């Protein structure tokens, strides 16, 4: 405190000059329209530039996460190409167009509306029927299953989120291919439940859950999450599994719309099989 008083005593003329200059500057701005307008515009410009810099910095760090996500997706795509396989014996592995035919195509879309805190949650995408999107198409990201297209307009799509009471996903345990059904029956948007697992199945926390491929909506092998816990509820004969989702539904930006090229053919065949009378 003594040093502060010594500093003021030593520089009191300079400090008084600064104070008088500040008072004169304020009076000039308050009593002169031109100077007041110039000051306000300059202050707005400086503030705008600061906000712009802050936004650019934020977007830069956000792009890092996007780039990491794109890198993972590119890695997955490369892993699925023929060049990722070692052809050690022609009798073991062949890659020919007549054998391997594309079944699924993917269209990118942006999430423009989303909810996670309701009992029935939906998403809205910025693409619709004009872009080839139809009801019952699957929605995924590199981190997992997101939902199923419900309604479509020319420019937008409404998606039944995985976090919806009516959504059911055919899934399986990656390590042993045992099937189950994934649904959302919890208040936590980062967790879902897998049901109909037989009690003899070997389960461990951390086991990965993926789509089974038994539905025409999703290809086999799309990520869903990992097992966090499991038990057999009283009065039930199957295991109920708690799953931690890979994807954070509260932070969705871009997704992929999945189209099954042979979906109509598969649906027609299965419908015929269910309704056709069989005579032996």
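Please treat every number below as a calculation from the coordinates, not as lab data. Note that the structure is a prediction, hence the values are computed from the model and not measured. When we count neighbours, we look across all protein chains shown, and the Cβ atoms used for this are built from the backbone with ideal geometry, even at glycine.
Table for the structure above
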{"item": "Residue order, fewest to most surrounding Cβ atoms within 10 angstrom, among 175, 216", "result": "175, 216"}
{"item": "Peptides ranked, highest mean first, by Cβ atoms within 10 Å: ranges 219-228, 104-113, 263-272", "result": "219-228, 104-113, 263-272"}
{"item": "Stretch gain in nm, segment residue 251-residue 193, where the contour uses 0.36 nm per residue and the Cα spacing is subtracted", "result": "18.8 nm"}
{"item": "Centroid-to-centroid separation of region 105-137 and region 246-273 [C-alpha atoms, Å]", "result": "12"}
{"item": "For region 169-250: relative contact order, % (alpha-carbon pairs under 8 angstrom, 6 or more apart)", "result": "30"}
{"item": "Per-selection Kirkwood Rh - region 169-250 (Cα, Å, 1 d.p.)", "result": "12.7"}
{"item": "Computed P(r) (all Cα pairs; region 228-270; 10 Å bins; percent)", "result": "19, 21, 23, 36, 1"}
{"item": "Chain lengthening between residue 105 and residue 201 when straightened (0.36 nm per residue, less Cα-Cα)", "result": "31.2 nm"}
